[in-house]
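The values are calculated or read from the model by the stated rules, or taken from the named source; none is laboratory data. On a predicted model such as this, the values are computed, not experimentally measured, just so you know. For the accessible areas, the whole protein counts, side chains as well, though only heavy atoms, and no ligand, DNA or RNA atoms are used. Shrake-Rupley method; radii C 1.70, N 1.55, O 1.52, S 1.80 Å.
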Amino acid sequence: LIFMQSRDDWELVARAQAEDMDSFAELVRRYQDPIIHFCRRMVGSTEDAEDLAQATFVRLHRHLKRLQPQAKFSTVLFGIARNLTLNHLRDSKRRGRGKTQSLDAQPGDSQRVEAPQGERPDHKARLSEIEATLEQGIALLSREHREVLVLRELQGLDYDSMALILKCRKGTVKSRLARAREQLRLRLIELGGE
């Protein structure tokens with residue numbers, strides 16, 4: 001996982017605070033895809049997710065001098081992305097747009113299930129079908145359930161980091177995750193999953 005690099009993330013932050021823009025660029029390279037993936041899962045639009053990821057890194061850069069290594073760097077960064085995403089969802093709802101969907105978005109755009117080399121075409125087709133159903137199921141979850149599921153299952157964050165990002169207790173994270181998994185299971189059944 002990308003978070004295994006967190007030991008030297010704060011070293012990169014310290015260098016970026018000392019005006020080393022190559023270090024800041026390295027942080028962006030490390031976390032750009034996971035942040036876009038998280039945002040896309042939350043807003044349903046690749047275009048909006050890319051804009052939100054860019055805004056996340058702009059905000060990170062703007063507040064770079066104030067950052068302190070009191071938590072994992074990934075926790076801080078996903079916290080920024082979450083706040084921006086929640087603002088976007090709230091503002092979209094106010095404008096009457098609700099959940100946005102890019103015209104170029106395809107189910108599973110950001111993270112495809114890869115079939116092993118030499119896999120039969122029918123197996124590849126089945127994996128694509130499963131992936132599309134899973135994407136639909138996740139999209140049907142409430143915002144709270146979707147974000148906890150994406151942070152844990154797709155981004156691999158631990159409960160302590162999730163509690164910091166979501167600004168709630170660890171027990172709340174665990175119970176929300178259990179409810180999210182159950183809701184996803186029910187949605188997948190409704191969508192004809194096995």
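Computed in the context of the full set of protein chains, the accessible area of the stretch 114-194 at 1.4 Å probe radius has 52% of its extent on carbon or sulfur.
Within the full protein context, the accessible area of I130 is estimated at about 80 Å² for a probe radius of 1.4 Å. The aspartates and glutamates whose alpha-carbon is closer than 12 Å to the alpha-carbon of K65, local same-chain residues fewer than 8 away aside, are E19. Shape annotation for the stretch 139-194: C-alpha extents along the principal axes are 35, 18, 16 Å, from largest to smallest.
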